[in-house]
Each structure stands twice: as C-alpha cells, then as structure tokens.
Amino acid sequence: MSFDTFPELETLCQTPLPPAIRNVLMEYPEALRRAARADDGSDAEGFVSEAELLADPAEVLRINREVRIDSILDPEGREFRWPPTFVVIGETGDGDYYCIDAAGEREGVFQFRHHAVEFESVADSMDEFIELLVECFITGIDAEEIEEEDEEEFEEDDDEFEDAADEEVLEEE
C-alpha cells in the first residue's frame, strides 16, 4: 500500500490502522496474490488478491468509501450505517465484506453479512485469516469441510461452555 493511502484510510476510519493490517497491505502474501478463486484452479473467477483479501491500495480505499456512502435497513427496518472504525479488507463475491476493527475494540477478522446486517467472526487474527485463505484457495480444503470440523470441535467443547455459563449464573445470584 502506498504511504499516501494510509493517511486517507485512517482519516476515513477515524483511527490509525493496526500494525497487522499495515504489514499485510505493505507486504502482501505472495501465495495469495497468485491464488485463483475458481474451483478448477483457473483464473476465471479472478484472484484472492482481488476479492477476499484486497492487495490493491486503491481498491481498499474505494471499498471503504463505498460502504460509508449510504445507510441500509436491517431486517427489523432500522437504519444501519457502517461503523467508522471498521476497515473493509476484502469481500466474498456475494455482497458480504471481510473487515477488521481498526480501533481494536473487537479482535479478529469479521464477515459482514449484508442480508442479516450483522458481523460474524471468521478468524481470531489477521494471521489466522490468511491461513484460512491459504487452506481454502491454495491447499484446496473446502470451506464446508472447515465448517464441519468447527462444528465437531464445538460439540466436543459444549460441556466446557455449559460449565462456564453455569458458573456465571451462580456468580450473579
């Protein structure tokens, strides 16, 4: 990312960019730059660097300006405006965005689901998000397989979460 783009993006987001995103934008992972989005490995659907994790500084700035232009209505009819400190770093191709909270109030990488008008955590850090993209687009692991593994892991950890919830209830009483 060119140095003149950082100040513009920081002004737009009303906060300095975190080092993790600065590093990715200045030294974009070469493997992702060449990773094709199509299932057959062709470049028919473009590259990861053009969608899921944007490599072009002009595109990062453009998409962040775009999400801030208008408000949208959530499913209950309430007006939603893009949170000022959330920085779009990519998109799914289906109208959803990948973003981070530059203010650091919420850690990790999130997917903004435009139909539900909600944010969902997809990775605990930028490094984990990059690993996820490498798994999905370079090593060929299907995203559905990852979701199934996560569900199995979650089911194994259910007891742990139930115990923690029970402890919280007891503390409140």
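The values are calculated or read from the model by the stated rules, or taken from the named source; none is laboratory data. In this text the structure is predicted, and so the values were computed from the model without any measurement. When we count neighbours, we look across all protein chains shown, and the Cβ atoms used for this are built from the backbone with ideal geometry, even at glycine.
Among residues of the stretch 3-27 that are surrounded by 16 or more Cβ atoms within 10 Å (Cβ to Cβ), those with a beta-carbon under 7 Å from a residue that is part of a helix (DSSP H, G or I) and of a type in the set (Asp, Glu) at least six positions away or on a different chain give the pairs Leu17/Glu10.
Residue selection: Leu54 satisfies the criterion of being surrounded by 12 or more Cβ atoms within 10 Å (Cβ to Cβ) and touching a strand residue (DSSP E or B) at 6+ places or on another chain (Cβ under 6 Å). For the stretch 55-66, residues that are under 14 Å from the mean Cα position of the chain (by Cα) and at pLDDT 95 or above total 2.
Could you check the stretch 121-139 and list, in sequence order, the residues that are β-branched (Val, Ile, Thr) and surrounded by 13 or more Cβ atoms within 10 Å (Cβ to Cβ)? Don't jump to the end; show me each part of the working.
Narrowing the stretch 121-139 to residues β-branched (Val, Ile, Thr): 122, 130, 134, 138-139.
Within the stretch 121-139, Val122, Ile130, Val134, Ile138 qualify.
Only one entry of Ala51, Ala35 meets the criterion of being in contact (Cβ under 8 Å) with a residue 40 or more places away in the chain and in contact with a Phe, Trp or Tyr (Cβ under 8 Å, 6 or more places away or on another chain), and that entry is Ala35.
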